[in-house]
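A quick write-up on the structure given underneath.
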Amino acid sequence: MRVESADYLRRVYKSICLGWGAPEHQAEAFADGILAGDLFGHEAQGIAIAQLDAVMVRDNQINLTAEPTIELEGPSFGALNANRCLGQYAMVKAMDMAIEKAKQSAVGVVWVHSWHDIGCASAYTKRALDHNMVGILSVNTVPLTAPYGGREMLMSAAPLSFVCPAGDQLPIIADMALCQLYDFQMVEAVKSGGRLEGKYLVDPDTGELTDDPAPYIIDPSVRSCGCTAATVFADAKLYLVNILFEILTGLLTPNGFATHMNDYPTQEHLGKGKEIKRGGGAFLMAIDPSKLMEVGVFKARVDQWISTIKSSKLQSGIVEILLPGERAQREQDKRLKKGVPIDEALWQHVVTMATEVGLDVDALR
C-alpha cells in the first residue's frame, strides 16, 4: 500500500484527463470527482472509477469535449442531455443548475441523461453545502441487481447521496448504495480468494443463492470484466427504496430510460465499435432553507437534533453514535494531512493510463 498526497493525486488525475483530450474545466471536474472517493476511503468510487473511465475512453465511448445541453426548463426544474460527456462533469453542471434554481424557487430539481460513470455521488451533493443548502442525488446504473425474489439482472445498483448543512456540528453527508454490493466488491473478493459477507448472488441457472462470486466473474484482472450472476436484496425494504429512485431517475428523466436498458460495458461489448448505451437517468435536487426561515435558525435546529441523537444512551459494546458521513469526514481530514493510501494494483492501472497519454507520473511530483 503506497501513500500519496491529495494534491499529487489530483494533479495526476487531471493530467491524465487532459491527455485524453478533455478541456481543462472538464478535467478539473474529473479530478475532483475521483479524488473525492479516494479521500473518503471509498476507492471503488475513486481511483477504481478512473480505471473504468480509461477503458471507455479507449473505446471512444465518452465524448470528452461535449457540453450538456438543456432540453427542458422551468423556474424550478431543468432536464439536461449530457451528450455522452464525462459523468463527473455532467453531475457538476446539473447540481449547479439545481442550486441556482433553488435560489429562486426554494427547490431546484434537475434530471440528466446520456452521461458516463460519476464515481463518488457525494462529490456533487457537497456543492450544495457551499450555499447552505440541502442536496440530493441519485442515478440509475447498469443492471446488476435482481428484483426481490428474482434471478435476472434488471435493476439498478444505484448510489444515493444527500447532504444537510449544520452550524457547529459537522454537516450530514450521506453516500450509500441502494443495493447489497457492487461488481467491484465481487472482483476484489475473487482476487483475494475470499467470499462475500452473505449469500448476495443468485445463480442464473438454478436460482440458488451463493456467497461465492468466483464462478461468475469473467476476468477479475479487468475492471470492466462483467459478472454473470445478479446481486440480490437482503430485504424488501432496500428493494422498495431502489424502486423509488428508479422512478425518480430512469422513468422521470425526459428522454431517459430505465436500468434494464443500460448496457454493461464488458470486454464483450467494448472494442467492437458498438455504442454503449449508458446514463439512463439522474435525479438531483437542491433545497434552499433560507426561503423557509433564516439560515442560522435552520442550522441551529440541525445542531440541536444532531446533539440529541449523539447523546443517546448507547447499546452494549458501542462507544459512539455517528451521523452519516461523520466517519468519512474524519478520514478525509486525516488523508489530507497524512496522505491517501493507494492499493498498489490500482496504482499500476493509473501508471498505465498515464503512460498511454505520454505522461510520467513521477515527473508530475
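The values are calculated or read from the model by the stated rules, or taken from the named source; none is laboratory data. If you're wondering where the values come from, they're calculated on a predicted model, not measured in any experiment. As a convention, Cβ positions derive from the backbone with ideal geometry for all residues, glycine included, and neighbour counts pool all protein chains shown. In case anyone asks, the SASA skips ligands and DNA or RNA and just uses the protein heavy atoms, side chains included. Shrake-Rupley method; radii C 1.70, N 1.55, O 1.52, S 1.80 Å.
Identify the residue in the stretch 26-40 that is touching a residue at least 40 places away in the same chain (Cβ under 8 Å) and more than 13 Å from the chain's Cα centre (by Cα) and, among all such residues, is farthest from L336 (Cα to Cα).
So, considering only residues that are touching a residue at least 40 places away in the same chain (Cβ under 8 Å) and more than 13 Å from the chain's Cα centre (by Cα), the one farthest from L336 (Cα to Cα) is Q26.
Among all residue pairs at least 6 apart or on different chains, which show Cβ distances below 8 Å where the first residue, located in the stretch 292-316, is open to solvent by 50 Å² or more (accessible area, probe 1.4 Å) and the second is modelled with pLDDT of 95 or more and in a helix (DSSP H, G or I)?
Note: pairs meeting the criteria are L292/F298.
Residues checked against (1) farther than 23 Å from G41 by Cα; (2) touching a Phe, Trp or Tyr at 6+ places or on another chain (Cβ under 6 Å); (3) not β-branched (V, I, T):
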site: P165; (1), (2), (3): no, no, yes
site: Q169; (1), (2), (3): no, no, yes
site: M186; (1), (2), (3): no, no, yes
site: E197; (1), (2), (3): no, no, yes
site: V202; (1), (2), (3): yes, no, no
site: E208; (1), (2), (3): yes, no, yes
site: A214; (1), (2), (3): yes, no, yes
site: D219; (1), (2), (3): yes, no, yes
site: A236; (1), (2), (3): yes, yes, yes
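Among the residues of the stretch 77-84, is any closer than 16 Å to S122 by Cα and of a type outside the set (A, V, I, L, M, F, W, C)?
No, the stretch 77-84 contains no residue that is closer than 16 Å to S122 by Cα and of a type outside the set (A, V, I, L, M, F, W, C).
Residues of the stretch 346-365 being open to solvent by less than 60 Å² (accessible area, probe 1.4 Å) and either under 16 Å from Q169 (Cα atoms) or without any contact (Cβ under 8 Å) to a residue 60 or more places away in the chain (or both), which ones?
Scanning the stretch 346-365 gives a single hit, V351.
From I99, I118, grab the single residue that is among the β-branched types (V, I, T) and closer than 19 Å to A36 by Cα.
I118
Open to solvent by 10 Å² or more (accessible area, probe 1.4 Å), touching a strand residue (DSSP E or B) at 6+ places or on another chain (Cβ under 6 Å) and of a type in the set (D, E, K, R): is that true of K14 in this structure?
Numbers: open to solvent by 10 Å² or more (accessible area, probe 1.4 Å): yes; touching a strand residue (DSSP E or B) at 6+ places or on another chain (Cβ under 6 Å): no; of a type in the set (D, E, K, R): yes.
So K14 does not fit the description; no.
Which of the residues spanning the stretch 94-113 are buried (at least 24 other Cβ atoms within 10 Å of the Cβ) and more than 11 Å from M285 (Cβ to Cβ)?
V112, H113
Are any residues in the stretch 226-276 open to solvent by 60 Å² or more (accessible area, probe 1.4 Å), at pLDDT 85 or above, part of a loop (DSSP other than H, G, I, E, B) and over 24 Å from E208 (Cβ atoms), and if so, which ones?
L252, N255
Identify, please: which residue in the stretch 37-83 is at positive phi and at pLDDT below 95 and is, among those, most open to solvent (accessible area, probe 1.4 Å)? If you could, list the steps in order and put the result at the bottom.
Taking the stretch 37-83 first, the residues at positive phi are 41, 60, 83.
Right, trim to at pLDDT below 95 and you get 41, 60.
Working: G41: 39, N60: 133 Å².
Of everything passing the filter in the stretch 37-83, N60 is most open to solvent (accessible area, probe 1.4 Å).
Going through Q51, Q61, Q104 one at a time, which residue ends up being out of contact with any Gly (no Cβ under 6 Å at 6 or more places or on another chain), of a type outside the set (K, R), over 22 Å from V357 (Cβ atoms) and in contact (Cβ under 8 Å) with a residue 12 or more places away in the chain? Even if it seems obvious, please write down each step before you answer.
On the way: Q51 fails: over 22 Å from V357 (Cβ atoms); Q61 fails: over 22 Å from V357 (Cβ atoms).
Just one listed residue meets the conditions, Q104.
Can you pull out every residue in the stretch 187-220 that is in a loop (DSSP other than H, G, I, E, B) and either aliphatic (A, V, I, L, M) or free of Cβ contacts under 8 Å to residues at least 12 places away in the same chain (or both)? It would help to see each step written out before you state the result.
Narrowing the stretch 187-220 to residues in a loop (DSSP other than H, G, I, E, B): 193-200, 203-208, 211-213, 218-220.
Hits for the stretch 187-220 are G193, G194, L196, D205, T206, E208, I218.
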